[in-house]
Amino acid sequence: MKKRLIIISSVIIILILGIGMIVADPQDNDINSSEPLIVANPLDLTQIKLLSKFRSCVGHDYSGRNAKGEKETDRSMKHYITTIQSSGQVKIFAPFDGTVSAIARESRGSRVHLSPKATARTHFIFFHVDLLPAFDQKGSVITAGQHIGYAHERDLVNFDMGMRIFGLKQRTVSPFNYMSSDVLAQYSARGVTLENIIKSKADRDADPCIIKEELGRDSIFVFDQPDDWIELQ
């Protein structure tokens, strides 16, 4: 009986420790990190005309838990990118040293996830792009600032970028909050700042996006407003 109690106690202790490790999700270290993850600009800003704000009403619902773990819905928590039509092929670049962590083929190009060396759970995401052959497979190694592909332009002159931190509590965040001061300065020189590219949760909650139709779990917005976009200077 005594031996049985010892075994049961040991199992309980192991379970408690295991739960503790899950609750203390390593992704929290990513969220609170003071070190910038994005040390190279993922875009050639001379080819870009407009950027949509984080939490805009552009396109469709792309939401989830924010950096604080608060649930958000019916808003676009990524950035749409409208290109200058005369700029030719629009290049994309690796924002950090890391790997191609996932590739999903879409009707317009691919959705590509890039993860930095320091934290595999953090994914910088390009939507509707075409990777160069050297990087077009999961596990491909990338170097900060390296030209890795192009925006896929079939019938629309736009593509998207976003960022998610995966784990027990997946977070949807803006890449701009993870950029180095040097990268942010490049955007600031073109009129894009942390203050104007990110709409606050409170502001969006007070002015909800108008939904045109529901498609399964997705929501298509009726229209976007001029305030949803920043035009590069």
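Computed from the coordinates by the stated procedures, all read-outs in this text should not be read as laboratory data. These figures come from a predicted structure and were not determined experimentally. Cβ sites come from the backbone with ideal geometry, for glycine too, and all protein chains shown count toward neighbours.
Is segment 139-233 best put as rounded, prolate or oblate by its Cα gyration tensor, with a ≥ b ≥ c the root eigenvalues, rounded for a/c under 1.5, and otherwise prolate when a/b is larger than b/c, oblate when not?
Details: a/c = 1.44, a/b = 1.28, b/c = 1.12.
Since a/c stays below 1.5, the shape of segment 139-233 is classed as rounded.
When only C-alpha pairs under 8 Å and at least 6 residues apart count, what is the relative contact order of segment 36-231, in percent? Write out the running numbers ahead of the final one.
Values: 454 pairs, mean separation 58.0, N = 196.
Normalised by residue count, the contact order of segment 36-231 is 30 percent.
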- Compare the Cα positions of GLN170, ILE125, LEU184 along the charge dipole of segment 36-231 (+1 at Cβ of Lys, Arg; -1 at Cβ of Asp, Glu; about the Cα centre) and return the one farthest towards the positive end. GLN170
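Given the Cα-Cα distance of ALA102 and LYS71 and 0.36 nm per residue of separation, how much length would full extension add, in nm? Don't jump to the answer; show the numbers that get you there.
Numbers: separation 31, 0.36 × 31 = 11.16 nm, distance 2.48 nm.
Taking ALA102 through LYS71 to full extension adds about 8.7 nm, to one decimal.
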- Query: Each label point is 7 Å from the Cα along the Cα-to-Cβ direction; what then is the distance between the points at ILE84 and GLU231, in nm?
  - Reply: 1.4 nm
- Query: Most exposed first by the Cβ proxy, i.e. fewest other Cβ within 10 Å, how do ASP205, ASP130 rank?
  - Reply: ASP205, ASP130
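When a/c reaches 1.5 or more, the comparison of a/b and b/c decides; with that in mind, is segment 36-231 rounded, prolate or oblate per its Cα gyration tensor? Could you put the intermediate results ahead of the total?
Details: a/c = 1.35, a/b = 1.27, b/c = 1.07.
Because its axes are fairly even, with a/c under 1.5, segment 36-231 counts as rounded.
Would you mind counting up the charge near SER180? Only other residues with Cβ under 14 Å from its Cβ, with Lys and Arg at +1 and Asp and Glu at -1. Don't skip to the answer; put the middle values down first.
On the way: positive: none; negative: GLU35, ASP97, ASP182.
Result for the neighbourhood of SER180: -3.
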- Task: Could you please rank LEU168, LEU43, placing first whichever residue has the fewest other Cβ atoms within 10 Å of its Cβ?
- Result: LEU168, LEU43
- Taking HIS79, HIS60 and counting other C-beta atoms within 10 Å, the order from fewest to most: HIS60, HIS79
- For segment 42-52, Karplus-derived ³J(HN,Hα) couplings (6.51, -1.76, 1.60; θ = phi - 60°; whole Hz; x for glycine and proline) come out as x, 10, 8, 5, 6, 9, 10, 9, 9, 10, 7
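Given N residues in segment 75-181, what is Rg(Cα) / (2.2 N^0.38 Å)? Numbers along the way, then the final one.
Working: Rg = 13.4 Å, N = 107, 2.2 N^0.38 = 13.0 Å.
Here the answer is 1.03, to two decimals.
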- Once amide H atoms are placed 1.01 Å from N in the peptide plane, what residues at a sequence separation of 5 or more from ILE92, or on another chain, have their amide H within under 5 Å of its amide H? ILE148, GLY149, TYR150, ALA151
- Net charge near ILE84, counting Lys/Arg +1 and Asp/Glu -1 over other residues with Cβ under 14 Å of its Cβ? 0
